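Structure record follows, encoded as structure tokens.
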Amino acid sequence: MCDMRILVVEDEHKIAEALRKGLTQERYAVDLAYTGTDGYDLATSEEYDLIILDLMLPGMDGVEVCSKLRKENIHTPILMLTAKNQLQDRVKGLDAGADDYLPKPFAFEELLARIRALLRRPAGAMGTKLKVGDWSMDMTTFEVKCKNKIVNLSSKEYSLLEYMLRHPGQVLSKEQLITHVWNYDADILPNTVEVYIKKLRNKMIPVITIRGFGYKLEQGS
């Protein structure tokens, strides 16, 4: 798993940084917010694939953040975290529009499993594998193959390819690729996307340029 962009809203800085470190190692792009207000502002101004939202937050608690996002018709999957495990707390979060609930303390592997489940898309996704044409990607082993031959990719190349595999046949703008593959605070140079697209092409990955619009992964090869 890698191209997905996650917002973590957690007021305990050590937990937030640990989550960012662990998720980044799993090849997710991660942004942090330490208050409910900041989390809400980011969630309404940026595009995320998943939000990890603590229940107890300063400024605006997780239930309020979740409820307001749903009222704004923002349907990004939300995984709610809390130190509480009483039934009424879980019900409150789910009723506000959360998609899943994980009480603290939790095993990081369980968090990853919940994330994978929430990010799974029916279109183009077959369990933990993606396939378009001759290209396939196993998101548990991070293996990329073309006609069953393994192709070695860097972490960012892998992230870029996965996003394209999840959107087969679609023209993806440079802004979309930056949003989903790089962190919010990453220092992106104007030609960064072109550099990585060229790297993919050098490895025979069939990315074509739609001039004036963006890039598309060809499905026929």
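Looking for whichever is more than 20 Å from Tyr163 (Cα to Cα) and in contact with a Cys (Cβ under 6 Å, 6 or more places away or on another chain) here; the options are Gly36, Gly59, Gly93, Gly97. Which one fits?
Exactly one residue qualifies, and that residue is Gly97.
Mind telling me which of the residues Ala83, Ala113, Ala107 ends up being closer than 19 Å to Thr35 by Cα, modelled with pLDDT under 90 and not assigned by TED's automatic domain parsing to the domain that holds Gln170?
One residue alone meets the criteria, Ala83.
Conditions first: (1) over 22 Å from Glu109 (Cβ atoms); (2) in contact with a helix residue (DSSP H, G or I) (Cβ under 6 Å, 6 or more places away or on another chain); (3) buried (at least 20 other Cβ atoms within 10 Å of the Cβ). Gly62 passes all but one, so which condition is the exception?
It is condition (2) that Gly62 fails.
State whether the residues of the stretch 146-160 include one that is outside any loop (DSSP other than H, G, I, E, B), surrounded by 21 or more Cβ atoms within 10 Å (Cβ to Cβ), of a type in the set (Val, Ile, Thr) and modelled with pLDDT of 90 or more.
Checked the stretch 146-160: no residue is outside any loop (DSSP other than H, G, I, E, B), surrounded by 21 or more Cβ atoms within 10 Å (Cβ to Cβ), of a type in the set (Val, Ile, Thr) and modelled with pLDDT of 90 or more.
Of the residues Leu23, Leu32, Leu7, which is out of contact with any Lys or Arg (no Cβ under 7 Å at 6 or more places or on another chain), crowded, with 20+ Cβ neighbours inside 10 Å and assigned to a strand (DSSP E or B)?
Answer to the selection: Leu7.
Which residues, counting only those in the stretch 42-95, are among the acidic types (Asp, Glu) and touching a strand residue (DSSP E or B) at 6+ places or on another chain (Cβ under 8 Å)?
Once the filter is applied, which keeps residues that are among the acidic types (Asp, Glu) and touching a strand residue (DSSP E or B) at 6+ places or on another chain (Cβ under 8 Å), the stretch 42-95 yields Glu46, Glu47, Asp49, Asp54, Asp89.
So which pairs qualify, if the first residue must be in the stretch 188-201 and over 16 Å from Leu217 (Cα atoms), the second must be aliphatic (A, V, I, L, M), the Cβ gap must be under 7 Å, and the two must be at least 6 apart or on different chains?
Matching pairs, first to second residue: Ile188/Ile178.
Is it fair to say Asp11 is more than 22 Å from Leu177 (Cβ to Cβ) and either among the aliphatic types (A, V, I, L, M) or not assigned by TED's automatic domain parsing to the domain that holds Lys131 (or both)?
It is true that Asp11 is more than 22 Å from Leu177 (Cβ to Cβ) and either among the aliphatic types (A, V, I, L, M) or not assigned by TED's automatic domain parsing to the domain that holds Lys131 (or both).
Would you confirm, using the coordinates I've provided, whether Ala29 is among the small types (Gly, Ala, Ser), at pLDDT below 95 and farther than 23 Å from Ile178 by Cβ?
no
The values are calculated or read from the model by the stated rules, or taken from the named source; none is laboratory data. No experiment lies behind these values; they were computed from the predicted model shown. All Cβ positions, glycine included, derive from the backbone under ideal geometry; neighbour counts span all protein chains shown.
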